[in-house]
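Encoded as structure tokens, the structure appears first; notes follow it.
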Amino acid sequence: MLHPCREDSVVSYVIPIHHALGLLAMAAAAWIYAKARQRPAIERLALTSLPITISVVFWQLFVDIAIQPLLQPWGGARLAPAVAITYGYELYLPSGTGPVTGWLYPPGSALAYLPVAWIPNVSLCLLAGRCLTLFYFFAPVAWLLLTRETEKKWLGVQLFITFALLVCFSRPLRYAATEIHADAPALCLSALSVIVLGRSRTARGNWLAIMLAALALWAKQLAFPIIAIVIPVWAYFKGGISGLAKAGLAILIVSFALLLLFLSWIDAPDLIFNILSIPIRHPRRHDSLFFLYRDLAKLYQSHVFLIALLFVGILGLFVEPPAPRDDSPSKRGADDWRLFGLVTLAELPFALAGYIKVGGDDNNLAYFFYFLSIMCVLLLGRLLDQDQGDAPPRFSLVILAVNLALAFLLHLQLSLAMVSDETSWNQSKQAVGYLRNHPGEAYLPWHPLEHLRVDGKLYHFEYGIFDRDLAGYPVPREQFLKYIPEAPSLVCYPPRTLVGDHITLRYLDDFTRKVQVPELPDWECYARESGDDPVPSPPPTHGPGEIGSTG
């Protein structure tokens, strides 16, 4: 039985959205069914089911972005460094100085979120940031698949839908597709580089691919294999020693030019300390190979559909052997699957290296699964291109089977969404509201973005402090106290914050008394042992749901 529907409940707008989506999908299915009368029955049924598939994908991404994000408090903390740039803060600071933001990535990914950093409303800023992540993640794949040279009408659209379904099944890919982080910009630039490299027939195209790969490396370190392994190996395959030498020279020139560009803005020692020294010194999070194997086995189990599709594609190579390489412009994209296979192999050890570190999460494995999924979809497209005659396309059977398997997912996600009273911006609204109503009284170590917007100051992000402690660079007490509110009476953690070891309370060791704060329900708040209980805010002067009622 569902809980009562309150005005501030997520149910009040989830149900209309779900019903509208369902009606739209049914209307589209009916229209397709009517238009496909001349097609074989199985193909007609498969095409009719496509709107259901699209609605499932849309609903999954909507839930991840707006209702139940995979990592609730992280989005604002990761967006804070980009927003701080607009306030005049430096992105990187040397050890022992300034607020610790936890930004351990190259500057390119922070710059990639500047388009949304100017949005003053924190909730809208977070929502726009997640939508921008979604664009970065899917745009290169859409370009790749929708511009493939094929005689099959709508095959590119069908392949893109298949890729989106693979994303829905994979936590690492959903993480990279919906969470604000360095991953989506780096994956976007990496994929664009690989696409341009595979389709390039001129020196100008090769230089563009190298430029994109270098920019990807300046977005996140895990893009390193693209420029260091994939491009040189591909250049050797295409042009032998001469091609390798030309690619190597171009890589050196482009890399040096970008290095000079970024060092004109950032001090080299500060950059090296933050993006190399700290991450390299993080310990492993698995005590033995058994625990690593256990985690990887769980990931394998959750990617069975992807692995099955990979096997189908590999078997297809034996049934329909690859044709000789055709460099004509009309065969655009015919060789892409080989190149993405090379990228997948090159990324695997680096993705695992990032995953096994303390602080490493599933998003590091997205660099492997992203390119593996693209390769699998391209292999499937290669098989479908071989279909001849009037027989129903093999893809019709694939789409039909997938839709039948996923029919329950839409209702499952609806149930999960309606059980929750939270949205992806709920914690942010609570944090902004409390900071505005009680200026200077609270320190929220997991909400630096909210502090920045309300107080105009950038404070420490707790996990950044934890990162440095793990790496053997503990933040001095004087530096810690300098970059938090001057005299806070509360330290509050959002619900279900399980990482970071509450390291803030080691510095503020007199905050030992747990208290309940009515305006921050379910938050874990600490006050000084001898302090007073928090005073509630006066009642609002505007009604619930009115503009300005929350942050």
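The values are calculated or read from the model by the stated rules, or taken from the named source; none is laboratory data. None of the values given here were measured: they were computed from a predicted structure. Note: ideal-geometry Cβ built from the backbone for every residue, glycine included; neighbour counts use all protein chains shown.
Just one of the listed residues (Pro120, Pro107) is closer than 25 Å to Gly354 by Cβ and either touching a residue at least 60 places away in the same chain (Cβ under 8 Å) or of a type in the set (Asp, Glu) (or both), namely Pro107. Cβ separations smaller than 6 Å between residues 6+ apart or across chains give the following pairs from segment 43-72 residues that are over 30 Å from Ser428 (Cα atoms) to residues that are among the hydroxyl-bearing types (Ser, Thr, Tyr) and surrounded by 21 or more Cβ atoms within 10 Å (Cβ to Cβ): Glu43/Ser396; Ala46/Ser396. What about Leu124, is it more than 24 Å from Leu222 (Cα to Cα), in a helix (DSSP H, G or I) and at pLDDT 90 or above? So Leu124 fits the description; yes.
Where helices (runs of 4 or more DSSP H) fall entirely within segment 169-278, those with at least 1 residues that are touching a residue at least 60 places away in the same chain (Cβ under 8 Å), closer than 30 Å to Pro474 by Cα and touching a helix residue (DSSP H, G or I) at 6+ places or on another chain (Cβ under 7 Å) are at 171-178, 183-199, 203-217, 231-263. Going by the structure shown, is Tyr526 within 34 Å of the chain's Cα centre (by Cα) and assigned to a loop (DSSP other than H, G, I, E, B)? No, not satisfied. The residues listed here are Arg6, Arg44; of these, the one that is modelled with pLDDT under 75 and crowded, with 17+ Cβ neighbours inside 10 Å is Arg44. Scanning segment 75-95 for residues that are more than 16 Å from Leu134 (Cβ to Cβ) and outside any loop (DSSP other than H, G, I, E, B) yields Gly76, Ala77, Ala80, Pro81, Ala82, Val83, Ala84, Ile85, Thr86. Close Cβ contacts (under 9 Å, 6 or more residues apart or on different chains) running from residues in segment 301-314 that are touching a residue at least 40 places away in the same chain (Cβ under 8 Å) and more than 12 Å from Leu383 (Cβ to Cβ) to residues that are of a type in the set (Lys, Arg) and assigned to a helix (DSSP H, G or I) comprise Ser302/Arg171.
Criterion first (touching a residue at least 24 places away in the same chain (Cβ under 8 Å), within 20 Å of Phe62 (Cβ to Cβ) and among the polar types (S, T, N, Q)) does Thr101 satisfy it? Answer is no for this residue.
Looking only at residues in segment 138-155 that are part of a helix (DSSP H, G or I) and without any contact (Cβ under 8 Å) to a residue 60 or more places away in the chain, the one that is nearest to the chain's Cα centre (by Cα) is Phe138. Residues in segment 500-512 that are loosely packed, with under 15 Cβ neighbours inside 10 Å and either within 31 Å of the chain's Cα centre (by Cα) or not β-branched (Val, Ile, Thr) (or both): Asp501, Arg506, Asp509, Asp510.
Restricting segment 363-393 to residues that are in contact with a Pro (Cβ under 7 Å, 6 or more places away or on another chain) and at pLDDT 85 or above leaves a set whose member that is surrounded by the fewest Cβ atoms within 10 Å (Cβ to Cβ) is Phe369.
Would you call Leu144 in contact with a helix residue (DSSP H, G or I) (Cβ under 9 Å, 6 or more places away or on another chain) and of a type in the set (A, V, I, L, M)? It is true that Leu144 is in contact with a helix residue (DSSP H, G or I) (Cβ under 9 Å, 6 or more places away or on another chain) and of a type in the set (A, V, I, L, M). The listed residues are Phe135, Phe160, and the only one of them that is modelled with pLDDT of 95 or more, assigned to a helix (DSSP H, G or I) and either surrounded by fewer than 22 Cβ atoms within 10 Å (Cβ to Cβ) or of a type outside the set (Gly, Ala, Ser) (or both) turns out to be Phe135. Can you spot a residue in segment 428-445 that is out of contact with any Lys or Arg (no Cβ under 7 Å at 6 or more places or on another chain), of a type in the set (A, V, I, L, M, F, W, C), buried (at least 24 other Cβ atoms within 10 Å of the Cβ) and closer than 18 Å to Asp501 by Cβ? Looking through segment 428-445, at least one residue is out of contact with any Lys or Arg (no Cβ under 7 Å at 6 or more places or on another chain), of a type in the set (A, V, I, L, M, F, W, C), buried (at least 24 other Cβ atoms within 10 Å of the Cβ) and closer than 18 Å to Asp501 by Cβ. Note on segment 470-499: residues that are part of a loop (DSSP other than H, G, I, E, B), surrounded by 12 or more Cβ atoms within 10 Å (Cβ to Cβ) and touching a residue at least 24 places away in the same chain (Cβ under 8 Å) total 13. Residues of segment 347-362 that are buried (at least 21 other Cβ atoms within 10 Å of the Cβ) and modelled with pLDDT of 90 or more: Glu347, Ala351.
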